[in-house]
Structure formats: C-alpha cells, structure tokens
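The values are calculated or read from the model by the stated rules, or taken from the named source; none is laboratory data. Not measured: the values here are computed from a predicted model. Because the Cβ atoms are built from the backbone with ideal geometry, glycine has one as well, and the counts that use them run over all protein chains shown. Each accessible area value is taken on the protein alone, full model and side chains, heavy atoms only, with ligands, DNA and RNA left out. Shrake-Rupley method; radii C 1.70, N 1.55, O 1.52, S 1.80 Å.
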Amino acid sequence: MSVLADLQPTRVFYYFEEICNIPHGSRNTKAISDYIVDFAKGHQLEYIQDELNNVIIFKPASPGYEASEPVIIQGHMDMVCEKEKGVAIDFEKDGLRLMVDGDFVTAEGTTLGGDDGIAVAFALALLEDDSLQHPKLEVVLTVDEEIGMLGAYDIDLSMLQGRKMLNLDSDEEGHFLTGCAGGMSLNVDLPVHYIVQKGLELRINVTGLEGGHSGAEIHKEHGNADIIMGRILQTVMDHTPMGIVRLAGGLKDNAIPRECTTKLLIPEESRNMVEKLLNKLNTTIKNELSVADPNFELEYSFGNVIEGKMLDYASVNRVVYYLRTVPNGVQHMSQVMSGMVETSLNLGIMELTNESLHTVTSLRSSVSSRKEDLKNRVCNIVEMLGGEYAIEGDYPAWEYKKDSVVRETIGQIYEELSGEKPVFEAIHAGLECGIFSEKIPDLDCVSFGPANFDIHTPKERLSISSTQRYYQLVTEFLKRSK
C-alpha cells in the first residue's frame, strides 16, 4: 500500500517511495542501479551503467529545443543508514517504513535517505514527463557518495555534451551552493593484544546525542560519542586498573556518532569508587552539553565477576591515548567567508576487533594545504602508536565561479516564484561538484534541493511543500534553457 500516493508532485513522490522500498545504503547500490536502468529501458531512453553501478541516462530535447545546450541533472543514489536504538531493520535487505506527518515525509525509526533519494526521484520524474519543455537532458546518478564520492571519482563523463549542471544534493530552501570543501576518509588501525584475566564486568553506554552531518552540522559542536567514550575510559583508567573487552561507536564516517558502547573488566573492589566517578562525570558532561545535546546520557551497569579476554595494559593505553589526542571537530574557521567552517574532522566509526582498534575519520577543508596538514597530524599520532592508515576518497574542493549563467538564471527564477532573494553560499560539506568540475572543463553548476532536516539521523524529514516548489523551480529552469 502506497503511503505517498496522494502527495504532489505525484510522480516525484511515486518514485521516491519506489526508491525507499529498495535497500540502497552505500556499497549496496546494485539493486537501485538496476531499477534505474529498468526505468530507462522501459522508457526507451539511452543509458550507460558502469561496473560501479553509476548510471547515466540521456533524453533528447523536446521540440524547439534541439539546438539548445544540454543540461546535466546530477545526484547520488546511496543513502546513510542510521537507526534508532532497538529498531528492527536490516538495511541490506529491508526497505524503509515511510510516514507522513503534516508537511513532512519521514521514516519510522531510521534515516529517510532524502539525501539524496529526492534527486533520483526528481530525475526519473523529469525523464518520464514528455509534456515538459527542455533541452537534451543528461542525467548522472552516482554511487557511494556518502563514503567518499567513490562513484563520481571513477565515472567516465567524456560522452557528456552539457556544460550546465544542476546538482540536486542540498537541503536548505532558499540557499544555493556555489562552492564546497574538499575532503577524504582516513582509515586507521591501531594494533592491540589480548590477555585472559579475571574481573568485574562493567558496561558503559554513551547515548542520547543529537549527531548530524559531519560537514553541514559540525559547527554546532554536538558531542561525538566516540570522543566522549575516550574521556570516560581515561577517567576510569586513571583511578583503577581496567581491561577493555568490547568497544564500538558510530556507523558512518560522515555522521557524528550518537552512541558508543564499551565493556570493561575492573577489580571487584573498585566498584563503588568507579560508580561515583561515572555519576560525577555524567553530571559534568550533561552540563557541558546542556544546549547542544540536552538528552545526553552516560549509562552504566555492573555484571558478574568473570574470567575473560581483554586488552592488555599497553593496548588499553594505546587506545585511550589515541582517543584523547586525535583532533576532532572544527579546527579552523574560514578567513574569507564569515561564519563558515574551513577545516574540520569527525571520528565517525570506531570498532575494536581481534587485531586492532579500527577507526574511520572524515576530514574536510576548503584549503587544500590545511587538509593535507591535518591529515599529517593524525597520521603522525598513528605512526607513533605503531598503527597503520589508509586514505580513501580524497576529493577536491569546488571553487566559486565568478561568472555563472546557471547561478543567475536559477536565482532569478527562485525570486520570481517565491518573492524572496536567494542566498548563494559555499558549504563545508563535500559535494560531487568539485570532482565534476575537474572532469568537465568550464562546467557551470549550482547545488540546491528541497528542505530536508536532520539528514544522516533518524530524525530526518523531507518537506512536502518545499519539494513541490523546487520541482517547479527545476522545470522552469529547463523551460528557460532554450
């Protein structure tokens, strides 16, 4: 049964619901890629599907627009898969459970994937509608954007004729992006060793944090559950011997971790003292995060005295030292754009394995030298601790274009339709526009999209009315591109 059937634009929300029924997290895009290809086949449209599952679809110009310059419509098909604690869903196999709440579309207990499923829905609705007036359309839908823009890096764009591009991967109505930071993912492995020892089980959970997009919301200084856990571990370690049995936090490198959990073994006689420490630390951190994360909780419970496998003393020190010294959060504010973050990083994924503490950090900067310097700082710490690192998805910044027909046209149309002045700005989050600009000479592009709140969190919600307005904005832009 369709949940979005009565929403306008009908075909946009039809395709958005179709997409949400298909699992399409990063690295799990084969099914949605094939769905898009089947759409192209069903509408007799020329298409290309590469080995990574990127898809390009071509639609001929409508009558009277044959001599017009083609327009590229671009977005990505993968989503960030986050869920509330206790929600039963397998993102590899299950679709999302959509709901309509007033003006918003949400997903029950999970991320919605409006970032960037709405771009795919827009694209398919545009390609399907033969009543629209438009130049030749070149629709480019990439994979694995959320884990380093991997699809955009390897896609072949040599066949594209268009030099005007609409990137539909932004989420604040009235704000149009004309530049973005570059970035990379930094994979770290610190070696660990285990011993078998007897101790009292202590489970600690960091929970209740707001989280959010590690680029667009890093300036809000929401607590990072992994970093907070490092503080907790050091506090316990400073007062009693301990061994780490389990440690895990965060699901995506570009989402600020909302939860982190650990299991420790401590001397039984340390129980009362540790309990007092944790209660005091909970009060302290609650006070520090009272505005940014009012629902923060440090939860703990004691178990049995057992003999179990835990990290040895040297490994515990290595893990805690890394979590307490690795840079995290905003590092530099822009000196050329007031109020904009220039350089930041987010320790997004942390998992203790049999061989290592594995972490993945998202690093961003609009200044390439600062990005490189910050990477070197982290790597120096890793090397000092005897660890290894690997860089993935190193993407360039997207620089502001002084003269832009696309920017002028889209701004004029937006002002006519809304009666409000558009805001043109750069963003600290990464966009594929930088990679496309390197691959396509003289590319003129703007990034925008309907209002979508709390992306990369289970609170994500897409505005229905904003989606209606922005679909009209796109169709009007195509009409005026004659």
In whole Å, what are the extents of the chain along the principal axes defined by its C-alpha atoms, from largest to smallest? 83, 51, 43
What number comes out for accessible area per residue over the chain if the probe is 1.4 Å? Units Å², please. 41
So what is the diffusion coefficient of the stretch 59-103 in µm² per second by Stokes-Einstein at 25 °C and 0.890 mPa s, using a Kirkwood Rh over Cα pairs? 159
In terms of the alpha carbon gyration tensor, root eigenvalues a ≥ b ≥ c, rounded if a/c is under 1.5 and otherwise prolate when a/b exceeds b/c or oblate, the stretch 384-482 is oblate
Could you give the size of the charge dipole of the stretch 51-122 about its Cα centre, using +1 on the Cβ of each K and R and -1 on the Cβ of each D and E, expressed in debye and rounded to the nearest 20? 120
Once Lys and Arg get +1 and Asp and Glu get -1 on their Cβ, which of MET229, GLY113, ALA123 lies farthest toward the positive end of the dipole of the chain? MET229
Among the GluC sites (Glu not before Pro) within the stretch 404-445, which fall in a DSSP loop and have no more than 14 other Cβ atoms within 10 Å of their own Cβ? GLU420
The aspartates and glutamates whose Cα lies under 15 Å from the Cα of LYS276, excluding any fewer than 8 residues away in the same chain, are ASP238, GLU268, GLU299
Mean ellipticity per residue at 222 nm, deg cm²/dmol - from DSSP H runs of n ≥ 4 across the chain, formula -39500 (n - 2.57): -9500 deg cm²/dmol
Any lysines with Cα under 16 Å of the LYS309 Cα? List them, leaving off those in the same chain fewer than 8 positions away. LYS198, LYS263
In the stretch 330-405, the GluC sites (Glu not before Pro) that sit in a DSSP loop and have at most 12 other Cβ atoms within 10 Å of their own Cβ are GLU355
Whole-Hz Karplus couplings 3J(HN,Hα) for the stretch 77-89, θ = phi - 60° and coefficients 6.51, -1.76, 1.60, Gly and Pro as x, run 9, 8, 10, 7, 9, 10, 9, 5, 4, x, 6, 8, 8
Span from the the stretch 442-481 Cα centroid across to the the stretch 85-160 one, whole angstrom: 12
In straight Cα distance, which lysines are under 18 Å from LYS401, not counting same-chain residues fewer than 8 positions off? LYS164, LYS439
Could you give the size of the charge dipole of the stretch 363-432 about its Cα centre, using +1 on the Cβ of each K and R and -1 on the Cβ of each D and E, expressed in debye and rounded to the nearest 20? 220
Using only the alpha-carbon atoms, how far is helix 271-288 inclined from the longest principal axis of the chain? Give it as 0 to 90 degrees, nearest 10. 30
Counting only protein heavy atoms with a 1.4 Å probe and every protein chain in place, the carbon and sulfur fraction of the accessible surface of the stretch 1-122 in whole percent equals 51
In the stretch 1-68, the GluC sites (Glu not before Pro) that sit in a DSSP loop and have at most 16 other Cβ atoms within 10 Å of their own Cβ are GLU51, GLU66
Principal axis box of the stretch 1-88, alpha-carbon based, largest edge first, Å: 56, 36, 22
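Set the bar at 26 Å for Cα to Cα. Now go through LYS41/LYS83; LYS371/LYS421; LYS402/LYS459; LYS93/LYS252; LYS371/LYS459; LYS30/LYS252 and name every pair that lies beyond it.
LYS41/LYS83; LYS371/LYS421; LYS402/LYS459; LYS371/LYS459
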Would you mind working out the magnitude of the charge dipole of the chain relative to its Cα centre, with +1 at each Lys and Arg C-beta and -1 at each Asp and Glu C-beta, to the nearest 20 Debye? 980
Whole-percent tail of the Cα-Cα distance distribution for the stretch 193-308, cut at 17 Å, equals 55
Which of rounded, prolate or oblate describes the stretch 159-260 when judged by the alpha-carbon gyration tensor and an a/c cut-off of 1.5? prolate
Considering every Cα-Cα pair within the stretch 362-406, what fraction, in whole percent, is farther apart than 15 Å? 56
